[in-house]
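Note sheet for the following structure.
What follows is calculated from the coordinates using simple rules that are stated; it is not laboratory data. From a predicted model like this one, the values you see are computed outputs, not experimental measurements. FYI the Cβ positions are ideal-geometry reconstructions off the backbone, even for glycines, and counts take in every protein chain you see.
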Amino acid sequence: MTIVVCVKHVPDPADPVVLAADLRVDREAGAGTLSGLDEYAVDQAVRLRRARERVVAVTMGPRGARAAVTRALQMGADEGIVVSDEALAGADVLTTAAVLAAAVRSVGDADLVVCGMSSTDGGSGVVPVLVADLLGWACAGHAAAVELDGGRVTIQRDDPDARRTLVAPLPAVVSVTDLSGEPTYPSFKAILAARRRPVREVGLSELGLGTPSTAPGTRTVSAVEADPRPPARIVTDSDGSGAAALLELLAGRSLLEVDR
Amino acid sequence: MIAVLLDQLDSTAEADLILVRLAAAVDEVTCLLGSAPDRDRVAALGAAGASHLAWADLAPDGPSGPWVAALAALVGPDDAVLAPSTRAGNEVAARLALRLGRPLSVGADSIAVGGPGLVVTSTAFTATWHLTTELPKASVVTAVSAGVQVPPPTPRTPGVRRLELDLTPAPHEPVVVAAAPKAAGAGPRLTEAAVVVSGGRGTDGDFSLIEEFAGLIGAAVGSSRVAVDQGWASPERQVGQTGVSVAPEVYIAAGISGAVQHLAGMVAAKQVVAINTDPDAPIFRACDLGIVGDLHTVLADAVAAVRKAQPVHC
Amino acid sequence: MSSPDVVIVGAGVEGTSIAYALASRGTADVTVLDRDAIGSGGTGRSAGIVRCHYGVPEVAALARESLEVFQHAEEILGASVDFEQVGYLVGIGEDNLAPFRASVAAQQTLGIDTGEIGHAEAAALWPVAHLDDFASFAYEPRGGYADGYATAHAFAGAARRLGASITQGTAVASVEVSGGRVTGVTLADGTTLATPTVVVAASAWSVPLLAPLGIDLPITPYLVQEVLIDPGQDLGARPVFSDMVSKQYVHQRGHELLFGDSGGFERPIPDPDRFPSHAEDAAIERCAEKAMHRFPGIEDPSVKTTSTGMIDVTPDWNPIISATPINGLYVAAGFSGHGFKIAPAVGRLMADLILDGTSSVPDVPAETFRFSRYEEGSPLLSKYPYVGASKIR
Ligand SMILES: Cc1cc2nc3c(=O)[nH]c(=O)nc-3n(C[C@H](O)[C@H](O)[C@H](O)COP(=O)(O)OP(=O)(O)OC[C@H]3O[C@@H](n4cnc5c(N)ncnc54)[C@H](O)[C@@H]3O)c2cc1C
Ligand SMILES: Cc1cc2nc3c(=O)[nH]c(=O)nc-3n(C[C@H](O)[C@H](O)[C@H](O)COP(=O)(O)OP(=O)(O)OC[C@H]3O[C@@H](n4cnc5c(N)ncnc54)[C@H](O)[C@@H]3O)c2cc1C
């Protein structure tokens, strides 16, 4: 059997975001990186890999997106698939999920798909459940811990009111949160070994998909950078001046009245 | 009509009312509830602008499939759908959009009639950008509730009906086999509090002053991810990109450096106060009042001053 | 801010060092302006390596003079610059042995504490390294590394105590000139600050400031990439290691090792303000290959993180520390990726140029780093060039 891990190439959060004229992210502007939240997914997929199994990292994106698969290979994935097609520029989540589901099918013997809880740039977090529905599989989302036993996957999920244990039959899609364990950085040996692992580049037609429909959908009409806050008033604390400034601010907004 | 998804596991009654008021400004509102509403609930939802209430026996901690099926039965070809932008709400919304072949927009912070049907605004890239998006009316939209502006509603007297549907989950849907409840905790909810006091690595594991100060002024306690990773705060306290987003009147960040992922969860706060020993900490470039100092000293002083000013309870 | 005697543009390690040098010579009415914060430019990202191994004697002399300040920063500047005097080891291949020996001899003539050492001694300094492909080594026991940010702050603090003022968050929009003389600077908010003397120490950002005055600085921003590795074992304190065979440099930062490439992979970038924050995959792979070859004794090194920075490169990879054709206008820029280790002496040299028009820095004639050398066709090149290495030697 095979574990597929879906990975996304995103702008480096440390770089300023640059939007091109068509309001899409200018992906050529910075080097880009594997989405930080997908590192957790790769780490869990590699950890869950059972004997004689392989982990296949799949990404959809422009040419540079291959770097996300490269990083996944360095972190221990065995193979990679890069789905790249001109027709996919600006794809929405539904198209993305359809492409990833088709890539999972193309792997043949996958019974588990691991995703990050959301991408660090778009951030909707719904791709995993859409992939699951398109495959007709179970989806167990937002796992803080994942275990496989027999034909089932068990996850721990932190809800506001309780920590729940959920069980779903395989095949299944799970998404893991950033509380699932700190991913380990690749070793130099792993970085060099990753260069020998196979990466398959495919277009839509190889996955048996047509050009995504351009039915009237969502259209981003404007994008503006958030205004920075005006420079702060800085108080260097001495002899209670810090607390005084804090309480003065709260009192000025009538927020010290409570509990009297 | 606009159908509104309520009663999600990770939403709150207050957030549900905000969602209804957001929707009522767009169109006539039908709410989907997970259980029969009592009279008070009917009145509250009516006061928020709901015209119709539809309910079915749907467990908040059950699988999302039955919720999706119930919503699908509720909406006609021209109706919009609004769900809370929480993990559970987004999941139901996405599955519904796929099932009905509708456009999807996640995480709106405003929604209005306009363009081809609806115009929504949202933030992207860890809240560093504001986007405006147009969609057809018959779309599925999820919206945040913290800090959104809601117009005053026109009160309604909603009709209540039960959805007659087979809502048995598909056999492959995940099932909850165990739940360890969390202590409710004193004080206001993190997402609804007027003041949030958050601690980070700078607390060095000691949240006692943060809790004491928050308790005194009726604030909620939040944290950075480092504090959660270290086990000093429980996961639902985490503010930020992978935690909750808050929009209080005042956000107090104590011993938090101001990483972009943390800022993403509190940029909507009206006033931000930072307490940090490092005058070069990035949080000082993202606050209104910056206190350069040791959080333990500053908070101890603040606690003492508030206690002194408080009338003695007899 | 009324009308200071001198305005310095840029509060990097060069600008703050110049301010300190001027103030300590009695010119206290100095104002340093930075568009961002002290050390926010290349200085804050610097590897901070300190050594005197240079084939340009004047650069070696600047480094030699500066070493005194790094070593005695607390007495001289009243603050620590986090100098770790772990020594500096350079290994050379057969192909460069002749220029290497000549360079080391020249350095010794300048009074620099350096000398050739053999394989056994080198192996004692770096036991985990594979050394067979080196022909020889030189060792400077007084070398090491300091912290860029701390150094700029130490200079700034010392300058302030002597009366200088440092204003952060204030960008200079243009330098005002009238009748061939500097009259002041105009700030980004439109206000003007009158002054007879302006020193532009703004790295690659100096170029657009001087272009409107007809001064075309031949400075190009380049991207440098560094990889921080976790050796996964305690290596003890090891000297900075310049590996002139694999073309890399390594130094410790706490328990971690910082690797840089000296194989000439720095590349020009169009905009000094826009470059990726982390190293590209190709750079990481190159580092992995070189490090695995050189340090077989480190069992399982892994990438901790990567970082990048911008350096301001001139055609001869040496700085411009100079007066200009405009009266009262001076430039200290184009440090080409090695301005940290010479910064203390650069301050002194620039103060000399402004106040006396001559140099008091031993072995460094005032005209060495003149701007006109490019026009004259006499670039400042190493007397003992190494083949295959980047020109920072
Ligand atoms: C994909 C991704 C998602 C993430 N999501 C989140 C998220 O949702 N929320 C989140 O918070 N982080 C998130 N992070 C982590 C984030 O990048 C930072 O690592 C984290 O926010 C840092 O927490 P901190 O500020 O508590 O710790 P640090 O960055 O270590 O800062 C501690 C601060 O405390 C100060 N300090 C120390 N002692 C004292 C004292 N005695 N008094 C006052 N100040 C003191 C220090 O000067 C320092 O500024 C995410 C990271 C990634 C990659
Ligand atoms: C990754 C890296 C590693 C390095 N390693 C070493 C090393 O090991 N050893 C060594 O000797 N050197 C090293 N260097 C080089 C050394 O750090 C630099 O040469 C030195 O720090 C440059 O200092 P500076 O003051 O000229 O420039 P900067 O530190 O860049 O300062 C220029 C300042 O000018 C300000 N500024 C720009 N425009 C304006 C304006 N219009 N108005 C006002 N202010 C303005 C900027 O904000 C900035 O603070 C390294 C550099 C890098 C990037």
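Details
- By other beta-carbon atoms within 10 Å, ranking B:L9, A:L130 with the fewest at the front produces B:L9, A:L130.
- When C:V361, A:V4 are sorted by how many other C-beta atoms sit within 10 angstrom of their C-beta, beginning with the fewest, the order is C:V361, A:V4.
- Taking other Cβ atoms within 10 Å as a rough exposure proxy, B:V267, A:V114 sort from fewest to most as B:V267, A:V114.
- Dipole magnitude for the range A:175-260: about 680 debye, using +1 per Lys or Arg Cβ and -1 per Asp or Glu Cβ, origin at the Cα centre.
- Spherically averaged projected area in nm², based on the convex hull that wraps the Cα atoms of chain C: 17.9 nm²
- Förster radius 30 Å - calculated FRET efficiency between C:D271 and C:S178, Cβ distance, rounded to 0.05: 0.45
- Cα-based helix-to-principal-axis angle, B:87-100 vs chain B, degrees rounded to 10: 30 degrees
- Relative contact order of the range C:279-393, taken over Cα pairs closer than 8 Å and 6 or more residues apart, is 23 percent.
- Mean separation of Cα contacts under 8 Å (6+ apart) over length of chain C, as relative contact order %: 24 percent
- Given +1 at the Cβ of Lys and Arg, -1 at the Cβ of Asp and Glu and no other charges, the dipole of the protein assembly as shown around its Cα centre is 960 debye to the nearest 20.
- Local electrostatic count at A:G123 - Lys and Arg +1, Asp and Glu -1, tallied over other residues with Cβ under 15 Å: -4
- Most positive-pole-ward Cα, C:F259, C:P296, C:V240, against dipole of the range C:238-303 from beta carbon charges: C:V240
- Dipole of chain C [Lys/Arg +1, Asp/Glu -1 at C-beta], most positive-end residue of C:P218, C:G48, C:I354: C:I354
- For B:V272, nonlocal amide neighbours, meaning residues 5 or more places apart or on other chains whose placed amide H falls under 5 Å from its own, are B:Y251, B:D288, B:L289.
- Taking Cα atoms only, the orientation of helix B:208-217 departs from the longest principal axis of chain B by about 70 degrees.
- Separation of the alpha carbons by more than 32 angstrom is noted, of A:K8/B:K270; A:K8/C:K290; A:K8/A:K189; A:K189/B:K182; B:K270/B:K308; B:K137/B:K182, for A:K8/B:K270; A:K189/B:K182; B:K137/B:K182.
- Magnitude of the charge dipole for the range B:2-162, about its Cα centre and with charges confined to Cβ atoms of Lys, Arg (+1) and Asp, Glu (-1), is about 240 debye.
- In terms of overall dimensions, the C-alpha atoms belonging to the range B:2-162 reach 42, 33, 29 Å along their principal axes, ordered largest to smallest.
- Antiparallel DSSP beta bridges within the range A:2-207, as percent of all bridges there, nearest 5: 35 percent
- Distance between modelled label sites at C:H72 and B:E28, nm, 7 Å Cα→Cβ extension: 9.0 nm
- GNM on chain A, alpha-carbon springs under 10 angstrom: the most fluctuating residue among A:S238, A:S84, A:S119 is A:S238.
- Dipole of the protein assembly as shown, positive direction: furthest Cα of B:L299, C:P276, C:V200, with charges on the beta-carbon: C:P276
- For peptides C:209-215, B:304-310, sequence by mean Cβ density within 10 Å, most packed first: C:209-215, B:304-310
- Cα centroid separation, the range C:323-393 to the range C:114-190 (Å): 14 Å
- HN-Hα J in Hz across the range C:178-186 - Karplus 6.51, -1.76, 1.60, θ = phi - 60°, x for Gly and Pro: 9, x, x, 10, 5, 10, x, 10, 9
- Pairwise FRET efficiency - C:D356 versus C:S2, Cβ, R0 = 35 Å, nearest 0.05: 0.85
- Bridge type composition, the protein assembly as shown - antiparallel percent by DSSP, nearest 5: 50 percent
- If the chain linking C:K304 and C:D234 were pulled fully straight, counting 0.36 nm for each residue of separation and taking away their Cα-Cα distance, it would gain 23.7 nm.
- Sites C:K383 and C:D132, calculated FRET efficiency, Cβ-Cβ separation with R0 22 Å, nearest 0.05: 0.15
- Mean separation of Cα contacts under 8 Å, 6 or more apart, over the residue count of the range C:291-348: relative contact order %: 28 percent
- Cα gyration tensor category, rounded, prolate or oblate, for chain B with a/c compared to 1.5: prolate
- Spin-label model, A:V221 to B:R285: label points 7 Å out along the Cα-to-beta-carbon direction sit 3.4 nm apart.
- The range B:67-90-the range A:48-98 distance, computed between alpha-carbon centres (Å): 30 Å
- Of all beta bridges that DSSP places with both ends in the range B:47-183, some 55 percent have antiparallel geometry.
- Inter-part distance, the range C:1-17 to the range B:227-256, computed on C-alpha centroids, equals 41 Å.
- The mean number of Cβ atoms from other chains found within 10 Å of a Cβ in peptide A:227-236 is 6, as a whole number.
- One compactness figure for the range B:195-309 is 0.94, namely its Cα radius of gyration divided by 2.2 N^0.38 Å.
- Here the label points at A:S241 and B:K270, each 7 Å from Cα along the C-beta direction, are separated by 2.8 nm in the simple model.
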